[in-house]
Amino acid sequence: MFDLQSLGIEYGTLAMFVMLLGFLLTGMPLAFVTLLIALIFTLGWFGPMAVPLITSRVYSFVSSFVFVSVPMFVMMAAILDRSGIARDLFDAMRLFGGRLKGGVAVQTIFVAVILAAMSGIIGGEIVLLGLLALPQMLRQGYDKNLAIGVVCAGGSLGTMVPPSIVLIIYGLTANVSIGDLFTSAFLPGFMLAGFYVAYVLFRSYTGKNIAPPPQTEKIPTSEKVRLLKGLFLPILVVFCVLGSIYGGIASVTEASAVGVAGVILSTILRREFSLNMLKGAAIQTLSTCGMIVWIGIGASALVGVFNLMGGIKFVSGLITGISDDPTTIILFMMLILFVLGMFLDWVGIALLTMPIFVPIVKQLGFDPVWFGVLFAMNMQVSFLSPPFGPAAFYLKSVAPPDISLGDIFKSLLPFICLQVLAVALLIIFPGLAGG
């Protein structure tokens with residue numbers, strides 16, 4: 001068998017990176033690519049006796065109790081997809097956004113924040129808003145680019161707003177408190193939503209033919225009461241989930257179960273619950289979590305082997321050697337994450353890079369919780385960035401046929417700039433995330 005160890009860690013790292021890139025270009029799923037490379041390097045570097053090392057790394061990842069919260073939050077999102085809760089929530093927000101120019105776009109962002117606080121998943125949220133808000137905005141005469149951008153950027157807020165799955169995976173990988181991550185991400189998440197609202201209002205009031213004039217007709221009291229009912233259940237679920245975490249009543253895992261119970265109870269009260277709906281949500285949950293677990297298994301195995309090779313120490317030395325200024329090193333890490341975000345799924349990025357980055361962050365004297373919020377904000381950018389920005393593809397699946405992927409990516413540029421601004425502010429003012 002070829003002895004890979006003779007390459008040395010420098011060429012070994014390069015060979016691993018080239019193989020990773022090469023296999024990904026063939027279209028193989030990331031989970032299988034990372035597992036295959038981990039096996040090749042285990043056999044080639046240490047020999048057959050070291051294969052059990054892979055299984056021990058994998059077990060430590062999948063046996064984490066906090067990981068139970070991931071399928072719970074995915075289940076919440078899957079049930080929301082199949083119920084009319086989001087539709088009624090969107091209608092109810094008319095009461096607050098109706099008198100503003102650009103009101104429907106603003107209410108779309110508010111609905112996105114509430115949906116994000118209910119489940120922390122972005123895919124279903126963008127599809128929901130693409131079905132509910134996009135046709136309404138286009139019909140009312142909103143600028144097409146603004147309408148598309150609001151749906152994709154607002155729908156991606158699930159990355160930042162607790163209970164974010166991105167923060168949960170980061171917490172598991174970096175071994176930091178997920179409750180602390182949620183607390184620290186609260187303000188930055190709402191800050192980013194505020195940037196979106198400010199941009200929408202600025203464009204609506206200063207541009208020509210950007211948004212229709214505000215509604216002037218009065219809504220009858222009976223209609224207001226009906227619409228407000230649509231707000232009650234979602235707000236109650238959010239209060240139960242986040243309130244139990246921040247109040248110290250429940251852990252993140254326990255709060256996720258409270259959330260699922262709350263959403264199921266909501267569908268029962270709305271007379272929408274059925275066994276078929278529950279079955280469909282369960283299958284969607286299994287599919288999504290299966291993907292996350294397999295990527296986690298592959299990434300854990302690869303990082304474990306790379307660490308034993310001395311690779312993490314080598315890469316850490318390379319990164320810290322680029323400058324004596326800690327902020328420059330953080331900016332370099334952000335650049336790496338930004339580039340990776342154009343090509344890889346966020347789960348893979350978190351599990352492959354955080355075991356390398358987090359020790360460096362601690363060594364530089366920064367708070368790993370602050371860095372976790374910074375990572376989640378960076379992943380916001382990756383959701384919108386071409387060529388593989390998932391948000392664009394989610395929206396394309398439900399957008400009218402005359403809207404191309406090119407139109408969608410062009411519409412996202414101002415919102416990507418706002419996200420980059422938010423990343424910059426978090427670096428300049430770490431206190432925004434408790435850093």
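The values are calculated or read from the model by the stated rules, or taken from the named source; none is laboratory data. Since this is a predicted model, take the numbers as computed values, not measurements. Heads up, the Cβs are rebuilt from the backbone with ideal geometry, glycines too, and the neighbour counts pull from every protein chain shown. Please note that ligands, DNA and RNA were not included when accessible areas were found on the heavy atoms of the full protein model with its side chains. Shrake-Rupley method; radii C 1.70, N 1.55, O 1.52, S 1.80 Å.
At q = 0.06, 0.08, 0.10 Å⁻¹, what is the base-10 log of I(q)/I(0) for the chain according to the Debye formula with one equal point scatterer per Cα and no solvent? Please give it to two decimals. Each listed q maps to, in turn, -0.26, -0.46, -0.72.
Peptides 152-158, 136-142, 204-210 ranked from most to least packed, by the mean per-residue count of other Cβ atoms within 10 Å: 152-158, 136-142, 204-210. Only helical runs count toward this figure. For the chain, summing -39,500 (n - 2.57) over DSSP H runs of n ≥ 4 and dividing by all residues gives -24500 deg cm²/dmol at 222 nm.
Set the Förster radius R0 to 41 Å, insert the Cβ-Cβ distance between ASN175 and LYS208 as r into 1/(1 + (r/R0)^6), and round the FRET efficiency to 0.05.
Calculated value: 0.20.
Residue ranges 166-172, 230-236, 388-394 sort as 166-172, 388-394, 230-236 when ordered by packing (mean number of other C-beta atoms within 10 Å per residue, highest first). For a straight C-alpha distance cut-off of 20 angstrom, the lysines reachable from LYS313 (same-chain residues fewer than eight places away being disregarded) are LYS362. Using the structure shown, list the pairs from LYS101/LYS229; LYS101/LYS410; LYS144/LYS229; LYS208/LYS229 with a Cα-Cα distance above 27 Å, or answer none. From the list (LYS101/LYS229; LYS101/LYS410; LYS144/LYS229; LYS208/LYS229), the Cα-Cα distance tops 27 Å for LYS144/LYS229; LYS208/LYS229.
If the segment from MET291 to LEU228 were pulled out straight at 0.36 nm per residue, it would be longer than the present Cα-Cα gap by 18.9 nm.
THR353 contributes about 10 Å² of solvent-accessible surface, heavy atoms of the protein only, 1.4 Å probe. Using Stokes-Einstein with the Kirkwood hydrodynamic radius over Cα pairs, what translational diffusion coefficient do you get for region 254-407 at 20 °C and a viscosity of 1.002 mPa s, in µm²/s rounded to a whole number? D = 115 µm²/s. Between the listed residues LEU352, GLN380, SER316, the Cα displaced farthest toward the positive end of the dipole of region 276-435, a dipole computed from Cβ unit charges relative to the Cα centre, is found at LEU352.
Of the solvent-accessible surface of the chain, computed with a 1.4 Å probe and all protein chains present, 69% belongs to carbon and sulfur.
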